[in-house]
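Colleague: Have a look at this one.
The values are calculated or read from the model by the stated rules, or taken from the named source; none is laboratory data. It should be emphasised that the depicted structure is a prediction, and the values quoted were computed from it without experimental measurement. So basically every Cβ, Gly included, is an ideal-geometry build from the backbone, and we count neighbours across all protein chains shown. The protein model used for the area step is the full one, side chains on, heavy atoms only, and it has no ligands, DNA or RNA in it. Shrake-Rupley method; radii C 1.70, N 1.55, O 1.52, S 1.80 Å.
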Amino acid sequence: MYTYIWIEGWENLNEFCQKRFNDRPHMCECTGHCGGVRIHNIYKADKDGHYHAMYFLYMEHDRGEYVSWDELHEKVERAWDYEQIRLDKRSILRRRR
């Protein structure tokens, strides 16, 4: 089983990884890891056509919601648009100034 979290912006990703894993994310192009978490960098468009740098973090977990990586990848990572991510309670979004 897998669990996931969406994080918007590099600063939020760094802050989350520092607090949770006491480490910084290690990225190679659009994939990476931090602790036991795998990270994918994906750009999602909002309803106005502006693109946002989103980081999809996922890991195996005993009480995860998704049974397989394929299910998680197809039903969440690829299928969700920015507005759906924004409404997800697990998402960490960029703070608006």
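Colleague: Could you please state how large a percent of the accessible area of segment 9-77 is carbon and sulfur, counting protein chains only and using a 1.4 Å probe? Mind showing how you got there, number by number?
Modeller: On the way: 2090 of 4400 Å².
Answer for segment 9-77: carbon and sulfur cover 47 percent of the accessible area.
Colleague: Further question on the same structure: Amide H of S91: which non-local residues (sequence gap of 5 or more, or other chain) have their own amide H closer than 5 Å, using H built in the peptide plane?
Modeller: W6
Colleague: What whole-number value in Å² describes the accessible area per residue of the chain for a 1.4 Å probe?
Modeller: Value for the chain: 66 Å² per residue.
Colleague: How about the chain: what cysteines have no other cysteine beta carbon under 4.7 Å from their own?
Modeller: Lone cysteines by the Cβ rule: C28, C30.
Colleague: Per residue of the chain, what 222 nm ellipticity follows from adding -39500 (n - 2.57) for every DSSP H run with n ≥ 4, rounded to the nearest 500?
Modeller: When only DSSP H runs of four or more count, the value is -6000 deg cm²/dmol.
Colleague: Now for a different question. Please get the size of the charge dipole for the chain, origin at its Cα centre, with Cβ charges of +1 on Lys and Arg and -1 on Asp and Glu, quoted in debye to the nearest 20.
Modeller: On the way: 16 positive and 17 negative charges, 103 e Å.
The dipole of the chain has a size of about 500 debye.
Colleague: Enumerate the calculated ³J(HN,Hα) couplings along segment 43-51 in order (Karplus 6.51 cos²θ - 1.76 cosθ + 1.60, θ = phi - 60°), each rounded to whole Hz, writing x wherever the residue is Gly or Pro.
Modeller: Computed from phi, the couplings for segment 43-51 are 9, 10, 8, 8, 5, 8, x, 7, 8 Hz.
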